[in-house]
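Each reported figure results from applying straightforward, stated rules to the coordinates on display, with no laboratory input. All values reported here derive from a predicted model rather than from experimental measurement. Positions of Cβ are backbone-derived with ideal geometry, glycine not excepted, and every protein chain shown enters the neighbour counts.
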Amino acid sequence: MNGYNLVFISLMPIFGHSFSPFLKFRGGKALAVTAAMWLALFQFEAAKVIFGLLAIFFAIQKNDAWTVNLVHLCFFIYGKSNIYFKILYFE
């Protein structure tokens with residue numbers, strides 16, 4: 001499976017945990033679901049990056065919300081660059 005179907009399928013659990021209809025569209029940060037989705041999409045090659053970023057940002061910051069947002073942002077940048085370099089050099 002690839003393309004827009006994969007994007008839709010991978011984002012729905014994140015939205016489901018963030019905006020749960022059972023909690024009147026209030027939910028959590030969906031950190032575990034997001035990490036699991038990234039790990040599944042990158043076949044566990046990104047586990048070191050995720051846990052390394054979490055360790056660094058948790059050591060630097062005390063606010064969990066900023067830590068989670070920074071990890072998501074850094075990992076999004078990592079994912080985009082990883083996809084770009086795979087297309088550029090390996091295909």
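List of remarks:
- Contour excess over end-to-end distance, with Cα ends at residue 41 and residue 12 and 0.36 nm allotted per residue: 9.0 nm
- Per residue, the average separation of C-alpha pairs within less than 8 Å and at least 6 apart gives the chain a relative contact order of 15 percent.
- Were the residues from residue 82 through residue 56 laid out at 0.36 nm apart, the gain over their Cα-Cα distance would be 7.3 nm.
- Vicinal HN-Hα couplings computed from phi for the stretch 55-70 (Karplus, 6.51 cos²θ - 1.76 cosθ + 1.60; Hz; Gly/Pro x): 5, 5, 6, 5, 6, 7, 10, 9, 8, 5, 5, 5, 4, 5, 5, 5
- Given the chain, longest segment not containing exposed loop chymotrypsin sites (Phe, Trp or Tyr not before Pro) (DSSP; at most 11 other Cβ within 10 Å): 45-91
- Trypsin sites (Lys or Arg not before Pro) restricted to DSSP loop in the stretch 7-74 with at most 16 other C-beta within 10 Å: 24, 26, 29, 62
- Stretch gain in nm, segment residue 70-residue 26, where the contour uses 0.36 nm per residue and the Cα spacing is subtracted: 13.7 nm
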